1. Quote the FRET efficiency, to the nearest 0.05, computed for Arg69 versus Gln5 with a Förster distance R0 of 41 Å and r equal to the Cβ-Cβ distance.
2. So between Gln121 and Leu12, what do we pick up on full extension, going 0.36 nm a residue minus the alpha carbon distance?
3. Among the aspartates and glutamates, select those whose C-alpha is under 18 Å from the C-alpha of Lys73, and discard any that sit fewer than 8 residues away in the same chain.
4. For an R0 of 25 angstrom, estimate the FRET efficiency from the Cβ-Cβ distance between Gln20 and Thr47 and round to the nearest 0.05.
5. Between Arg138 and Gln98, how many nm apart are label points set 7 Å from Cα along the C-beta direction?
6. Note the listed values (1) 8.9; (2) 8.3; (3) 9.5, then indicate which one is mean projected area of the Cα convex hull in nm² calculated from this particular structure.
7. Report, by chain and number, residues whose modeled amide H sits under 5 Å from the one on Leu23, excluding near sequence neighbours (fewer than 5 apart, same chain).
8. What nm distance separates the two modelled labels at Gln80 and Gln29, each placed 7 Å from Cα along Cα→Cβ?
Amino acid sequence: MERNQLRRPVRLMRQSLFDQGFLDEQFVQLEELQDDANPNFVEEVATLYYRDSSRSLQTLEQALQKDPRDFNKLDNYMQQFKGSSSSIGAKKVKVECQQFREFCNAGNAEGCMRTFQRLKQEHATLKKKLEAYFQMARQAGPIETASRPK
């Protein structure tokens, strides 16, 4: 199969991640840092993010279970999580982080719990989608250059 035919499904999958709101412009900026010397840069960054963010989610979950809840501590944990999620362009995850922080500022434990569950779901969904995308991209071979989503 011609290389262009292999690349087309990768481009379509990538575009769908933007169209569905999973990724934002930061992901493109990461792609722009990828070159021949480091052809798997974006995948490596995403892998590190998921390794570290899994630990952060555990820390958040433990803090949420404490009674009474320390909303300042929860907010600080979530601010860090939001920053790392922003660095890979995890748009939906970032939105849930912001919602969680608003509930922390309002002292709304129930809102924090509900938002945290959505956050974990968005985090897991993006992980599956990125794993599928990176696998398809590896099979298709190196990409020429990063391009802005439409």
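Read-outs throughout are calculated quantities, based only on the coordinates presented, and are distinct from any laboratory measurement. The structure displayed is predicted, hence computed values, not measured ones. Virtual Cβ from ideal backbone geometry, glycine too; neighbours counted across all protein chains shown.
1. Values: r = 54 Å, r/R0 = 1.31.
E between Arg69 and Gln5, to the nearest 0.05, is 0.15.
2. On the way: separation 109, 0.36 × 109 = 39.24 nm, distance 2.33 nm.
That works out to 36.9 nm of additional length.
3. Those aspartates and glutamates meeting the cut-off are Glu61, Glu96, Glu102, Glu110.
4. Values: r = 22 Å, r/R0 = 0.86.
Once rounded, the FRET efficiency stands at 0.70.
5. That separation, rounded to one decimal, is 3.4 nm.
6. Checked against the structure: label (1).
7. Amide H to amide H, under 5 Å and 5 or more residues apart or across chains, Leu23 pairs with Phe18, Lys91.
8. 2.2
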